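Q: Mind having a look at this structure? Questions to follow.
Please treat every number below as a calculation from the coordinates, not as lab data. Quick caveat, the model's predicted, so the values are computed rather than measured. Glycine also receives a Cβ, built like all others from the backbone with ideal geometry; neighbour counts cover every protein chain displayed.
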Amino acid sequence: MEVKALLGSADFFNAEIEGQVNGVTAKRSPGSALKPFVYALGVEQGVIHPMTLLKDSPSPMSSFEPENFDGQFIGPVTAKEALIRSRNIPAISVAGKLSGPNFYEFLKMAGVSGLKSERHYGPSLVIGGGGEVTMEEMVGLYAALANKGILRPLRHVKEAAFPAGIRLLSEEASFITLEMLKDNPRLDQRYNKGWTSDSLPVYWKTGTSYGFRDAWSVGIFGPYVLAVWIGNFNGEGNPAFVGVRAATPLFFQIIDSVKAQQNGLAEPMRPFPENITKVEVCSVSGGLPGAFCKRKKETWFIPGRSPIKVCDIHREVVISDKSGLTACPPYSDGTHAEVYEFWPSDLLKIFQQAGIPRMTPPEAERNCSVTAASAKGIPPKITTPVAGLTYTIRSSSRSHETISFLATTDADAHEVFWFLNEGFIGRSKSGSPLYWSASPGRYVVCVVDDLGRSDARELKVAVVQ
Ligand SMILES: [Zn+2]
């Protein structure tokens, strides 16, 4: 939080260059540079995890997207990709689900000065079309991500006290947000990051304001937070002021020269927050992989908090060998099973609009309802926790007591996923229990097998002396 240096303008007395404007305390429009905090709040409040699929659709509000050079919109997109690529519609939809705090209240909490009433901005606040920040405020917010969610004031004097700061975000949400920003690729780097020994990650984001008045590149590397802003002090726009084109090259030149000067520049230790885990998800839907998901990816996850369900996009259908159409039950010998994607019609439409073809299941042979083959079979049945029983844990050993979750499953289910009040807490092989660290409360326990069949029941946990 120490300011390394503060330099005056080229000429304090030259009015033509607005020589008396202090560039780091002047209010500027952030463009997309504050979007990481929308996603951080989304992670924190259980609205998204990095692989959550969000809709990016055409909308009048997305007309100003100077950082999206590759076309108008990109169809359904993961939260991480939406953040890195500065998509407006996904950010607005995540922000719309935030509460206590929402994005506006978050900026207030963070001490961003001069904000008008919430009504004044509407959704434009999220896409950087309203609330203005100073570079110091911007740097403070990014530093909070590196400081495990704690916002601290900048120190302009080395001997100044080191105040405790205030918590803006949880450690988990800060960590996951940095992990998302780490995957923002460096544009001038024409080689794969993994090919080099250069292991110093850069967590960064660009911003471009409406009317091309401000170009930002802000991020964290090693022990430093660095923000580059390019613009005119008189507020005049210039089409060249696009964050990724104007500010980013300078941003990385500074990083490279700091690295060149400080041999062995390393990142401060970033231990994993306690309540965080990596889960494997279907790379297409971002859901827990069902039996028919082929490609899988890992995502960061806050157990019991991050939203997730078993992928219901990939399902197996029975196809007639002869016609190639979906067969109607009862199935004859001349049929085989194939896996298809079942998209909800709104997402399918967005894929089509984005020019991304999806293989949809073939039509049914006759007028029978096309159901996935996986809809058959017997749903899992929870055996423990036992229905109607109140589980008790002793107050003296609260952190050590576990309750086992077990379900009987049909022969074709290989794995089950466990949820408490809709929050995913873990997976277990069919026939094996999952041990849950009990904490007092009333819950709904739900089990879903890898073919999407489920069972649920109530669970009460009480504390005794
Ligand atoms: Zn899937």
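Q: Go over the candidates Arg305, Arg358, Arg295 one by one and state the one that is within 30 Å of Glu179 (Cβ to Cβ) and either of a type in the set (S, T, N, Q) or exposed (fewer than 14 other Cβ atoms within 10 Å of the Cβ) (or both).
A: Numbers: Arg305 fails: either of a type in the set (S, T, N, Q) or exposed (fewer than 14 other Cβ atoms within 10 Å of the Cβ) (or both); Arg358 fails: either of a type in the set (S, T, N, Q) or exposed (fewer than 14 other Cβ atoms within 10 Å of the Cβ) (or both).
Unique residue meeting the criteria: Arg295.
Q: Still on this model: Please give the helices (runs of 4 or more DSSP H) falling wholly within the range 102-186 in which 1 or more residues are free of Cβ contacts under 8 Å to residues at least 24 places away in the same chain.
A: 103-109, 118-121, 171-182
Q: Tell me, yes or no, whether the range 74-87 has at least one residue that is acidic (Asp, Glu), without any contact (Cβ under 8 Å) to a residue 40 or more places away in the chain and more than 21 Å from Thr52 (Cα to Cα).
A: No, that holds for no residue.
Q: With respect to Ser257, determine if the residue is surrounded by fewer than 15 Cβ atoms within 10 Å (Cβ to Cβ) and among the small types (Gly, Ala, Ser). I'd like the intermediate steps shown before the answer.
A: On the way: surrounded by fewer than 15 Cβ atoms within 10 Å (Cβ to Cβ): yes; among the small types (Gly, Ala, Ser): yes.
Yes: the conditions hold for Ser257.
Q: While we're here: Could you check the range 261-280 and list, in sequence order, the residues that are among the basic types (Lys, Arg) and either surrounded by fewer than 13 Cβ atoms within 10 Å (Cβ to Cβ) or within 16 Å of the ligand (Cβ to nearest atom) (or both)?
A: Result: Lys278, single match.
Q: Follow-up. Given the criterion of a type in the set (Gly, Ala, Ser) and within 13 Å of the ligand (Cβ to nearest atom), identify the matching residue among Ser283, Ser332, Ser323, Ser345.
A: Ser283
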